[in-house]
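Visitor: There's a structure below that I have some questions on.
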Amino acid sequence: MDNYTSKDLAKTAFQALENKKGFDIKVIEIDKVSTIADYFVIADGSNPSQVEAMVDEVQMQLHKQYDVEPKRIEGARNCGWILMDYGDIVVHVFSSQDRLFYDLERVWRDGVTVDTVDWKEQ
């Protein structure tokens, strides 16, 4: 049995994105409005190198701390949106322009935006 929750995974993904200076990181709890996942973690980066570093950091931290791998990754490293599906959580890393265009926060507004103030690493 796993000794972690989907919230633990979301928190670790959030912190990994913070470590790489992701912009406007949001965690949306969607388990009450969809069966896709429990949480979406959304962030954007200012350039393709930062987006790639953010994706790599999320993968590394989730593997290191919980020995989990993404079920799939959608989007090429040089595209404006990379989706990392971990089953219980889905991490979306955007270019700033594509994040504005797709506006997932609006699409998933029926979900609950998680207060992540206490999630920031000290």
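The values are calculated or read from the model by the stated rules, or taken from the named source; none is laboratory data. Quick caveat, the model's predicted, so the values are computed rather than measured. Positions of Cβ are backbone-derived with ideal geometry, glycine not excepted, and every protein chain shown enters the neighbour counts.
Visitor: Being of a type in the set (Phe, Trp, Tyr), assigned to a helix (DSSP H, G or I) and within 20 Å of Trp119 (Cβ to Cβ) is the requirement here; does Phe14 meet it?
Guide: In short, yes.
Visitor: Hey, among the residues in segment 44-53 that are surrounded by fewer than 23 Cβ atoms within 10 Å (Cβ to Cβ) and not polar (S, T, N, Q), which one's farthest from Val91 (Cα to Cα)?
Guide: Pro48
Visitor: Quick one: which strands (runs of 3 or more DSSP E) sit completely within segment 29-118 and have at least 3 residues that are touching a residue at least 60 places away in the same chain (Cβ under 8 Å) and not polar (S, T, N, Q)?
Guide: 39-45, 89-95
Visitor: Could you grab me the full set of residues in segment 54-89 that are of a type in the set (Gly, Ala, Ser) and either surrounded by 17 or more Cβ atoms within 10 Å (Cβ to Cβ) or touching a helix residue (DSSP H, G or I) at 6+ places or on another chain (Cβ under 7 Å) (or both)? Write out each step before concluding.
Guide: Here is the first cut: in segment 54-89, the residues of a type in the set (Gly, Ala, Ser) are 75-76, 80, 87.
Scanning segment 54-89 gives Gly75, Gly80.
Visitor: Given the conditions (1) without any contact (Cβ under 8 Å) to a residue 40 or more places away in the chain; (2) basic (Lys, Arg); (3) in contact with a Ser or Thr (Cβ under 7 Å, 6 or more places away or on another chain), report the number of the one that Lys26 does not fulfil.
Guide: Result: Lys26 passes all but (1).
Visitor: A further question on this structure: For Leu83, only one of the following conditions fails: (1) within 29 Å of Asp2 (Cα to Cα); (2) out of contact with any Asp or Glu (no Cβ under 6 Å at 6 or more places or on another chain); (3) aliphatic (A, V, I, L, M). What is its number?
Guide: (2)
Visitor: Looking only at segment 37-56, decide whether some residue is over 14 Å from the mean Cα position of the chain (by Cα) and modelled with pLDDT of 95 or more.
Guide: Within segment 37-56, not a single residue is over 14 Å from the mean Cα position of the chain (by Cα) and modelled with pLDDT of 95 or more.
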